[in-house]
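First comes the structure, then the notes that go with it.
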Amino acid sequence: PGSLFSNWFMQKKNPLITFRYGLVFLAVTIGVTVAALDRPERKKWTYLVSVFWGLAYGWIFPAQRTLQVTLTPRGQETEIMGMFTFVTQVIGWLPALIFSIMNENGVNMQWSVSVLAWFLLLSVLLLYGVGDYDAAVQQVKEVGEQELAEMTAARAEVEDMVAEQGEGVFVDEVIDVGKEDPRFNITDED
């Protein structure tokens, strides 16, 4: 249900706004969880609260991925996904570490869990630095078209070179460049 709502919301607004609101919704859900589950008698409310956690996660992840895909220039998909994975692995452990440190030092569980909400709210504030989503999509499109035109021109140049000189031209050029470059130390005996 959360992902369906996320898709509907993205059609009404855009992925950036949807992602921001999803993060705020999760932060509020964490706040409600901390307030509602403050004593053992209320543990049956966990099931109700978990529905909202599920909605929030279902809301956030499609918006996050759509945002990432639409703002990635053509030809840089692997690079950007690698950066995304790196950042999530490097920074993703920080809230869990702070929670664990607080928990091990006897801090009330409500405060420990609320740390997650503060990270989410910080993320929302940082997302305001992204700027206008539609302008960013247009810029990515223009960069992608420019790079595609450059790649097409380079391919045509290579095809012309092969048509004129034959397929062995590349091997000969690499060897000639290698002979001129002292880092390779290629001699005729090699």
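The values are calculated or read from the model by the stated rules, or taken from the named source; none is laboratory data. Note that the coordinates shown come from a computational prediction; the quantities given were computed from them, not determined experimentally. No Cβ is skipped: glycine too gets one built from the backbone with ideal geometry, and neighbour counts run over all protein chains shown. For the accessible areas, the whole protein counts, side chains as well, though only heavy atoms, and no ligand, DNA or RNA atoms are used. Shrake-Rupley method; radii C 1.70, N 1.55, O 1.52, S 1.80 Å.
Below are the figures for this structure:
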quantity	calculated
Test: residue in region 69-81 that is more than 30 Å from Gln146 (Cα to Cα), modelled with pLDDT under 85, open to solvent by 80 Å² or more (accessible area, probe 1.4 Å) and assigned to a helix (DSSP H, G or I)	no
Whichever residue in region 130-150 is charged (D, E, K, R) and farther than 16 Å from Thr66 by Cα and, among such residues, is least open to solvent (accessible area, probe 1.4 Å)	Glu147
Number of the exception - Thr88 against (1) of a type outside the set (Phe, Trp, Tyr); (2) at pLDDT 85 or above; (3) loosely packed, with under 15 Cβ neighbours inside 10 Å	(2)
Per-region count, region 1-29, residues touching a Ser or Thr at 6+ places or on another chain (Cβ under 7 Å) and β-branched (Val, Ile, Thr)	1
Residues within region 95-120 that are open to solvent by 70 Å² or more (accessible area, probe 1.4 Å) and in a helix (DSSP H, G or I), tallied	6
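This table checks each residue for (1) open to solvent by 30 Å² or more (accessible area, probe 1.4 Å); (2) part of a helix (DSSP H, G or I); (3) under 18 Å from Ser123 (Cβ atoms).
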site: Leu4; (1), (2), (3): yes, yes, no
site: Asn7; (1), (2), (3): yes, yes, no
site: Tyr21; (1), (2), (3): yes, yes, yes
site: Leu26; (1), (2), (3): no, yes, yes
site: Asp38; (1), (2), (3): yes, no, no
site: Arg42; (1), (2), (3): yes, yes, no
site: Val51; (1), (2), (3): yes, yes, no
site: Arg65; (1), (2), (3): yes, yes, yes
